[in-house]
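> Have a look at this one before I ask anything.
The values are calculated or read from the model by the stated rules, or taken from the named source; none is laboratory data. These figures come from a predicted structure and were not determined experimentally. Note: ideal-geometry Cβ built from the backbone for every residue, glycine included; neighbour counts use all protein chains shown.
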Amino acid sequence: MDKKEVTLIMFDAVKSGSFDEVLKAAYQIFQMPIAVCDASFEMLAQNYPPTPQDDLCWDMPLAEKKVPLEVVQIFQEHDLIDKVNQSPGETIFLNWGWFQDHPRLTTAIRSEGGIIGYIAVLCTQEAYQSWQDEALQVVADAMGIMMEKKGLSRKETNIILQSFARELIMGNVQDPLELARWSELVKLDLHDTYVMMAISSPPEANRQELFSFFLRQLKLHTTSMVYHIQGHTLYLLFYRQSKKGILTETLVGMESIMKSIGLYGGISLPFQSLEHISKYREQASMALTAGRKMDSQLRIYFFEKYALETILFSAFEKIQPQNCIHPAINQLKKHDQDNNTDYLDTLKSYVMNHQNVGETCQALHIHRNTLGYRLKKIEETTGIDLKDTNTNTYLLIGFHVLDLMKRL
């Protein structure tokens, strides 16, 4: 097949706007299995055809919808990545080392001189023909156009590190030996206290540009971090931090940058082990969501401050807020309206002060005997037992829900 015919097929496919369609068109040209990923080894489309080929570097990404670390390690150990990176605009026939029994054609996808992805065709020595070299470059150009159109042309300075960061942050590296092996491979000194952060931008903003600018500026304040962009969220893992959280100087510099470009961030509790990183990634995301709802004028939200709100917001997804409120609260509200009493305020102060009589009396400016009388009348009116722990917890949640609803 000549270059003109290949070009027409590929650029007709680009008009579809779908990576899957472009990959299918490439398969039409080569009639051999073909796969494509970005520079951090995220699959851009499902391998085509989507069937196992008795090839580890094909079958694992096919099953997991990404290139796992085991496959990246094979690439690294056989100098594949360096070889491709050092051969701009060239198609390479891999037939050495591990690839001797699993040959393939491969090349880099480039944008403005930088590598933004890779494409590979499973091709035996018998099936290889010289025209395929040039054809694969046309396919790579088409994929590059697609990536640019979709805002995926960000270039990585350390491909292996970004792949590792993605797997680590998304909770796919949990075995300590595996973590140690990859930390050594990417020369990353992970230790001490960790903190997760989730960052979002305004919906109308160009997230890719904002995230790229933010990361460039943040690196002026700290190098003890790795990051991964998942969907519309930028996740950051900070290491070598204070036991209280992100180092103050880093936090101050980061907040200043975020204010200048309109970003918002949620921060997890500090932690000492990466084994349960998914838990802290969730904390950061939940703090971000709750903070944006509660205090939109701020830029950074700490899970510690918004933990209760995150729990309640999660509950509201399955339970109507009114069902989180003890019936006694509505009973007392109506009683106060009908009888000109203030039992509801008394109950709220008593519950919110953890049934501490002295603090409740001080808050309400009343005598102990008055408080005792009111609490007895509250129990008689509602039928509740204020000595019951479950009742007090239910009431406490109800008052928090009411306060939360007023703030929203």
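Let's see how each residue does on (1) of a type in the set (F, W, Y); (2) within 30 Å of Y280 (Cβ to Cβ); (3) in contact (Cβ under 8 Å) with a residue 24 or more places away in the chain:
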position	(1), (2), (3)
F316	yes, yes, no
I319	no, yes, no
I325	no, no, yes
Y343	yes, no, yes
E379	no, no, no
I384	no, no, yes
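> Still on this structure, I have one more. Based on what the data block shows, is I74 over 28 Å from E282 (Cβ atoms), under 21 Å from the mean Cα position of the chain (by Cα) and β-branched (V, I, T)?
No, not satisfied.
> Continuing with this model, one more query. Across region 64-86, what is the total count of residues that are in contact with a strand residue (DSSP E or B) (Cβ under 7 Å, 6 or more places away or on another chain) and of a type in the set (D, E, K, R)?
3
> From the list F164, F238, which one is among the aromatic types (F, W, Y) and either more than 27 Å from Q297 (Cα to Cα) or not in a strand (DSSP E or B) (or both)?
Being among the aromatic types (F, W, Y) and either more than 27 Å from Q297 (Cα to Cα) or not in a strand (DSSP E or B) (or both) holds for just one of F164, F238, which is F164.
> Could you pull out every one of the helices (runs of 4 or more DSSP H) wholly within region 246-352 that has 1 or more residues that are of a type in the set (D, E, K, R) and at pLDDT below 90?
Helices (runs of 4 or more DSSP H) meeting the threshold: 248-261.
> Of all residues being touching a residue at least 24 places away in the same chain (Cβ under 8 Å) and surrounded by fewer than 18 Cβ atoms within 10 Å (Cβ to Cβ) in region 345-371, which is nearest to D403 (Cα to Cα)? Just the residue, please.
So, considering only residues that are touching a residue at least 24 places away in the same chain (Cβ under 8 Å) and surrounded by fewer than 18 Cβ atoms within 10 Å (Cβ to Cβ), the one nearest to D403 (Cα to Cα) is M352.
> Sticking with this structure for a sec: Six or more apart or on different chains, Cβ atoms under 7 Å: show the pairs whose first residue is in region 167-183 and surrounded by 13 or more Cβ atoms within 10 Å (Cβ to Cβ) and whose second is aromatic (F, W, Y).
Cβ pairs passing all conditions: I169/Y235; V173/W182; W182/F164.
> Kindly evaluate L80 against the criterion of being surrounded by 14 or more Cβ atoms within 10 Å (Cβ to Cβ), within 16 Å of S130 (Cβ to Cβ) and aliphatic (A, V, I, L, M).
No.
> Any residue in region 24-51 that is within 16 Å of T107 (Cα to Cα) and in the same structural domain as K66 (by TED's automatic domain parsing) sitting within a Cβ distance under 9 Å of a residue that is in a strand (DSSP E or B) and acidic (D, E)? List the pairs, counting only those 6 or more apart or interchain.
Partner pairs satisfying both residue conditions: L44/D38.
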